[in-house]
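The values are calculated or read from the model by the stated rules, or taken from the named source; none is laboratory data. Given the structure is predicted, the values throughout are model-derived calculations rather than measurements. Glycine also receives a Cβ, built like all others from the backbone with ideal geometry; neighbour counts cover every protein chain displayed.
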Amino acid sequence: MLTIGLTGSIAMGKSTAAKLFAEAGIPLNDSDAVVHDLYTGEAAPRVDAAFPGTMKDGAVDRHELGRQLALDPDGFKRLEAIVHPLVRKREAEFLARQRAAGAEMVLLDIPLLFETGAEKRVDVVVVVSASPQIQRERVLAREGMTEEKFEMILSRQTPDAEKRRRADYLIDSSQRIAETKERVLEIIADLKTRIAKGDFRNA
């Protein structure tokens, strides 16, 4: 079974690309969705213990957590120490299910793929990118986003140029959605061809 790692900096169109892979029939494990689920369940008490006052009605209040992290940037390390092992556990369960089901390839949507060393556990890396101008426009159009928040997020992410350099495949999301979809289908077709040729040890 081939494991594809999908990543991209904030507002680069990664979620859209992931959806297109899923629509094309590639099983998807979305790390952001997993975190959201964990924040409404088993991770909430642990996060609240590390960041008092962040749990409301049994779930993590993302706004309050974000406020505390903005005041204490070192808190990201404490948060990641809580959340990342739980995310990895869910990922392993997903991979086991798909392998048992006989999936030819799967997609792991991992925002911090390079930052967490996750590229070591995938067979190929797909990076979604766009111009800095488009990225900034998309980010600042989001509700509650500010220049300060944007810069803080960027400071924690591998630069886009570095991600592009390390990618096996690149998706330019600055184009129309139809062109992005065409690129996704091209990548899937190429991977299927390479699997048939025996290019991948694990596939």
Of the residues GLU137, GLU162, GLU119, which is outside the structural domain of ARG62 (by TED's automatic domain parsing), surrounded by fewer than 16 Cβ atoms within 10 Å (Cβ to Cβ), over 13 Å from MET12 (Cα atoms) and not aliphatic (A, V, I, L, M)?
-> GLU162
What single numbered condition from (1) assigned to a loop (DSSP other than H, G, I, E, B); (2) within 20 Å of ASP74 (Cα to Cα) fails to hold for GLU143?
-> (2)
Residue by residue through region 103-134, note down the ones that are touching a residue at least 24 places away in the same chain (Cβ under 8 Å), part of a loop (DSSP other than H, G, I, E, B) and out of contact with any strand residue (DSSP E or B) (no Cβ under 8 Å at 6 or more places or on another chain).
-> ALA103, GLU115, THR116, SER131
Evaluate region 181-198: report whether one residue or more is at pLDDT below 95, out of contact with any strand residue (DSSP E or B) (no Cβ under 6 Å at 6 or more places or on another chain) and assigned to a loop (DSSP other than H, G, I, E, B).
-> yes
Condition check for ASP32: buried (at least 19 other Cβ atoms within 10 Å of the Cβ) and closer than 25 Å to ARG166 by Cβ = no
Can you tell me which residue in region 42-96 is modelled with the lowest pLDDT, limited to those that are loosely packed, with under 13 Cβ neighbours inside 10 Å and part of a loop (DSSP other than H, G, I, E, B)?
-> PRO73
Give just the number: which of (1) at pLDDT below 95; (2) in contact with a Phe, Trp or Tyr (Cβ under 9 Å, 6 or more places away or on another chain); (3) within 19 Å of LEU6 (Cβ to Cβ) does ILE134 not satisfy?
-> (2)
From the list ALA18, ALA50, ALA24, which one is in contact (Cβ under 8 Å) with a residue 12 or more places away in the chain, within 30 Å of ILE177 (Cβ to Cβ) and out of contact with any strand residue (DSSP E or B) (no Cβ under 8 Å at 6 or more places or on another chain)?
-> ALA24
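Conditions (1) farther than 28 Å from PRO159 by Cβ; (2) assigned by TED's automatic domain parsing to the domain that holds ALA44, marked per residue:
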| position | (1), (2) |
| --- | --- |
| LEU71 | no, yes |
| GLY75 | no, yes |
| PHE94 | yes, yes |
| ILE110 | no, no |
Just a yes or no: is a residue in region 190-203 outside the structural domain of THR3 (by TED's automatic domain parsing), in contact (Cβ under 8 Å) with a residue 40 or more places away in the chain, over 30 Å from ALA81 (Cα atoms) and in contact with a helix residue (DSSP H, G or I) (Cβ under 6 Å, 6 or more places away or on another chain)?
-> yes
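Restricting attention to region 38-47, and to residues there that are touching a residue at least 40 places away in the same chain (Cβ under 8 Å) and not small (Gly, Ala, Ser), which single residue is nearest to ARG165 (Cα to Cα)? Full working, then the answer.
Residues of region 38-47 that are touching a residue at least 40 places away in the same chain (Cβ under 8 Å), as a first pass: 38, 42-43.
Filter once more, so that each one left must be not small (Gly, Ala, Ser): 38, 42.
Details: LEU38: 32, GLU42: 37 Å.
Filtering first and then ranking leaves LEU38.
Taking SER9, is it at pLDDT below 95, assigned to a loop (DSSP other than H, G, I, E, B), within 25 Å of LYS163 (Cβ to Cβ) and touching a strand residue (DSSP E or B) at 6+ places or on another chain (Cβ under 8 Å)?
On the way: at pLDDT below 95: yes; assigned to a loop (DSSP other than H, G, I, E, B): yes; within 25 Å of LYS163 (Cβ to Cβ): yes; touching a strand residue (DSSP E or B) at 6+ places or on another chain (Cβ under 8 Å): yes.
The answer is yes for SER9.
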